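Participant: Below is one structure. I have some questions about it.
The values are calculated or read from the model by the stated rules, or taken from the named source; none is laboratory data. No experiment lies behind these values; they were computed from the predicted model shown. All Cβ positions, glycine included, derive from the backbone under ideal geometry; neighbour counts span all protein chains shown. Each accessible area value is taken on the protein alone, full model and side chains, heavy atoms only, with ligands, DNA and RNA left out. Shrake-Rupley method; radii C 1.70, N 1.55, O 1.52, S 1.80 Å.
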Amino acid sequence: MISIRRSNQRGSADFGWLKSQHTFSFGNYYDEQHMGFSALRVINDDRVAPDAGFQTHGHRDMEIISYVLKGEIAHKDSEGNVATLPPGEFQLMSAGSGIRHSEFNPSITKELHFLQIWIQPNVYGQTPGYQQKDFGQQQGLTLVASPDGKDGSMVIKQDARLYQLILASDQHVKLAASEQRHYYVHVIDGELQIENQIVKPGDGAKIADINELQLTALDQPVKALVFDLP
């Protein structure tokens, strides 16, 4: 089963300094048909104006992943982490028992474009944690987050795995799957074929009841995120 959500079907918000598209219900956007998928609760496609950002605010019991596409994020949190997240790097903040943080675009000329992803944890009230890593730009599937830190991936508090997918034109890759698992693909760049469906930038695909997932780039390079979920 493959269900496609097109980019232009997403919810949206425009606060002037922030323009965001919501794959799932978030903030003032509510759609009971799109409340999340398995443990995946949020994919926000955020564009932040120069010299603007999210003021200090709190989270609890959520695994929050940020992935910068353009620009930089200046991060500061109540655990003492102060960091800059450049393009291509992933950040995983485990909110646990409670954490406060701010995210800011430090540039006075360039827009910040990033994906904010929330995954519900399978343990609660844990000590907050912070991880940040660049996984390079190698082709194929690169494991970014997993419950056991396999292959140098960041450790997530859920039986879930996040992969970075990079394909050259006409290249394809297969991911061993299980009919007991759920899979979600979010396309960042290029056109990707999933079985007999074509997905484009901003599109997402819910996938279930399969035992193999084949992903094929069409006539241009592809970048996407692939989620393996309980």
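Participant: Criterion first (out of contact with any Cys (no Cβ under 6 Å at 6 or more places or on another chain), farther than 21 Å from Asp134 by Cα, open to solvent by less than 40 Å² (accessible area, probe 1.4 Å) and in contact (Cβ under 8 Å) with a residue 40 or more places away in the chain) does Arg41 satisfy it?
Facilitator: Numbers: out of contact with any Cys (no Cβ under 6 Å at 6 or more places or on another chain): yes; farther than 21 Å from Asp134 by Cα: yes; open to solvent by less than 40 Å² (accessible area, probe 1.4 Å): no; in contact (Cβ under 8 Å) with a residue 40 or more places away in the chain: yes.
Spelling it out, it is not the case that Arg41 is out of contact with any Cys (no Cβ under 6 Å at 6 or more places or on another chain), farther than 21 Å from Asp134 by Cα, open to solvent by less than 40 Å² (accessible area, probe 1.4 Å) and in contact (Cβ under 8 Å) with a residue 40 or more places away in the chain.
Participant: Can you go through Ile156, Ile166, Ile194, Ile207 and tell me which one is hydrophobic (A, V, I, L, M, F, W, C) and either at positive phi or over 18 Å from the mean Cα position of the chain (by Cα) (or both)?
Facilitator: Details: Ile156 fails: either at positive phi or over 18 Å from the mean Cα position of the chain (by Cα) (or both); Ile166 fails: either at positive phi or over 18 Å from the mean Cα position of the chain (by Cα) (or both); Ile207 fails: either at positive phi or over 18 Å from the mean Cα position of the chain (by Cα) (or both).
Ile194 is the lone residue from the list that is hydrophobic (A, V, I, L, M, F, W, C) and either at positive phi or over 18 Å from the mean Cα position of the chain (by Cα) (or both).
Participant: Scan the range 33-57 for residues that are modelled with pLDDT under 95 and assigned to a loop (DSSP other than H, G, I, E, B) and jot them down.
Facilitator: Passing the criteria: only Gln33.
Participant: I need a count of the residues in the range 107-125 that are open to solvent by less than 80 Å² (accessible area, probe 1.4 Å), touching an Asp or Glu at 6+ places or on another chain (Cβ under 8 Å) and either charged (D, E, K, R) or part of a loop (DSSP other than H, G, I, E, B) (or both). Show your work before the answer.
Facilitator: Here is the first cut: in the range 107-125, the ones open to solvent by less than 80 Å² (accessible area, probe 1.4 Å) are 107, 112-121, 123, 125.
Then keep just the ones that are touching an Asp or Glu at 6+ places or on another chain (Cβ under 8 Å); that gives 107, 112-116, 118-121, 125.
Remaining after also requiring either charged (D, E, K, R) or part of a loop (DSSP other than H, G, I, E, B) (or both): 107, 120-121, 125.
Count: 4.
Participant: Of the residues Ala176, Ala217, which is among the aliphatic types (A, V, I, L, M) and in contact with a Ser or Thr (Cβ under 9 Å, 6 or more places away or on another chain)? Lay out the reasoning, then the answer.
Facilitator: Working: Ala176 fails: in contact with a Ser or Thr (Cβ under 9 Å, 6 or more places away or on another chain).
Exactly one residue qualifies, and that residue is Ala217.
Participant: Scan the range 193-205 and report the pairs whose first residue is within 14 Å of Leu165 (Cβ to Cβ) and at pLDDT 95 or above and whose second residue is charged (D, E, K, R) and open to solvent by 60 Å² or more (accessible area, probe 1.4 Å), with Cβ atoms within less than 8 Å and a gap of 6+ or a chain change.
Facilitator: Taking only residues 6 or more apart or on different chains, the pairs are Pro201/Asp189; Asp203/Arg6.
Participant: Answer with yes or no whether Phe24 is surrounded by 14 or more Cβ atoms within 10 Å (Cβ to Cβ), within 14 Å of the chain's Cα centre (by Cα) and not in a strand (DSSP E or B). Reasoning before the result, please.
Facilitator: On the way: surrounded by 14 or more Cβ atoms within 10 Å (Cβ to Cβ): yes; within 14 Å of the chain's Cα centre (by Cα): yes; not in a strand (DSSP E or B): yes.
For Phe24, the condition - surrounded by 14 or more Cβ atoms within 10 Å (Cβ to Cβ), within 14 Å of the chain's Cα centre (by Cα) and not in a strand (DSSP E or B) - is met.
Participant: Would you confirm whether or not the range 88-102 contains a residue that is β-branched (Val, Ile, Thr) and more than 13 Å from Tyr130 (Cα to Cα)? Full working, then the answer.
Facilitator: At the first step, the residues of the range 88-102 found to be β-branched (Val, Ile, Thr) are 99.
When the remaining residues are screened for being more than 13 Å from Tyr130 (Cα to Cα), the result is none.
Taking every residue of the range 88-102 in turn, none turns out to be β-branched (Val, Ile, Thr) and more than 13 Å from Tyr130 (Cα to Cα).
Participant: What are the residues in the range 58-88 that are among the aliphatic types (A, V, I, L, M), in contact with a Lys or Arg (Cβ under 8 Å, 6 or more places away or on another chain), part of a strand (DSSP E or B) and crowded, with 16+ Cβ neighbours inside 10 Å, if any?
Facilitator: Correct list: empty.
Participant: Which of the residues belonging to the range 9-21 are small (Gly, Ala, Ser) and either part of a loop (DSSP other than H, G, I, E, B) or farther than 16 Å from Pro201 by Cα (or both)? Quick ask: steps written out before the conclusion?
Facilitator: Taking the range 9-21 as the starting set, the residues that turn out to be small (Gly, Ala, Ser) are 11-13, 16, 20.
Of everything in the range 9-21, those that are small (Gly, Ala, Ser) and either part of a loop (DSSP other than H, G, I, E, B) or farther than 16 Å from Pro201 by Cα (or both) turn out to be Ala13, Gly16.
Participant: Taking interchain pairs and intrachain pairs at least six residues apart, which have beta carbon atoms under 9 angstrom, with the first residue in the range 100-121 and touching a residue at least 12 places away in the same chain (Cβ under 8 Å) and within 10 Å of Val48 (Cα to Cα) and the second in a loop (DSSP other than H, G, I, E, B) and of a type in the set (A, V, I, L, M)?
Facilitator: Phe104/Ala52; Asn105/Ala49; Asn105/Ala52; Glu111/Ala49; Leu112/Ala49; Leu112/Ala52
Participant: Here's something else I'd like to know. Give just the number: which of (1) assigned to a loop (DSSP other than H, G, I, E, B); (2) of a type outside the set (Lys, Arg); (3) open to solvent by 50 Å² or more (accessible area, probe 1.4 Å); (4) out of contact with any Ser or Thr (no Cβ under 8 Å at 6 or more places or on another chain) does Ile210 not satisfy?
Facilitator: The failed condition is (3).
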